[in-house]
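The values are calculated or read from the model by the stated rules, or taken from the named source; none is laboratory data. What you see is a predicted model; the values in this text were computed from it and never measured. Cβ atoms come from the backbone with ideal geometry, glycine included; neighbour counts cover every protein chain shown.
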């Protein structure tokens, strides 16, 4: 309290605030004099974070001045996260590292990685100053082909997480081949079909036949869509059975030419 009423002046960012932003009230004090209350109402943005507000009270009758300061903490959302480290095309079995980065925000962003809608708990989070980063290390698998990896950034100022995402393209070899024979027990002189199919491969595999260790040629029956966005390849070897085919060993090999991997 003071007598006469105190004069209050506000300062922020090294400037005096205009009277239009200030509301003052005066009440009589039981101890005599007056209590002056002054309130500043202003719209703040992220640029006002850590701004120093000073309230200065003076009594012109006595020429005395007292002041108090407040450092303003403004909650504001981080910038849109960004993902780096992914390649346009990956190989199954490779170790890949992807980093999510988000700058700004108060408090600094919390970052979470997801594969589809599944949280990746093994991500490594770091923050330095107002920069947050989170890294995931992934051993690429066939089921990562077409998978969407998302990074979500949030803090106390966001109403919903900010999101960045990448869709992976993975090349992978077939893991199995299957041979069927028709008829199951061919007779001499009978047309016989051996059919070889391979499991999913991206890109589609090429199938080669061997008979008793020597290469022989079949007919490519094409590819069909398969799991993980790959292709199943089928090849048929047709011949007329002879006595020399008894106990002959036939085999097929499926090769992903891009990866130079076979099964």
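Observations, loosely collected:
- Residue within the stretch 223-240 that is more than 30 Å from residue 85 (Cβ to Cβ), surrounded by fewer than 18 Cβ atoms within 10 Å (Cβ to Cβ), in contact with a helix residue (DSSP H, G or I) (Cβ under 7 Å, 6 or more places away or on another chain) and outside the structural domain of residue 150 (by the TED database) present: no
- Members of the stretch 120-135 found to be touching a strand residue (DSSP E or B) at 6+ places or on another chain (Cβ under 7 Å), assigned to a strand (DSSP E or B) and within 24 Å of residue 106 (Cα to Cα), listed by number: 124, 125, 126, 131, 132, 133, 134, 135
- Residue match in the stretch 20-42 (condition: surrounded by 11 or more Cβ atoms within 10 Å (Cβ to Cβ) and closer than 30 Å to residue 110 by Cβ): yes
- Top-ranked residue of the stretch 46-64 - restricted to ones that are surrounded by fewer than 13 Cβ atoms within 10 Å (Cβ to Cβ) and touching a strand residue (DSSP E or B) at 6+ places or on another chain (Cβ under 8 Å), ranked as modelled with the lowest pLDDT: 60
- Among strands (runs of 3 or more DSSP E) entirely within the stretch 155-252, having at least 2 residues that are in contact (Cβ under 8 Å) with a residue 12 or more places away in the chain and more than 33 Å from the chain's Cα centre (by Cα) singles out 177-182, 191-198, 206-211, 219-225, 231-240.
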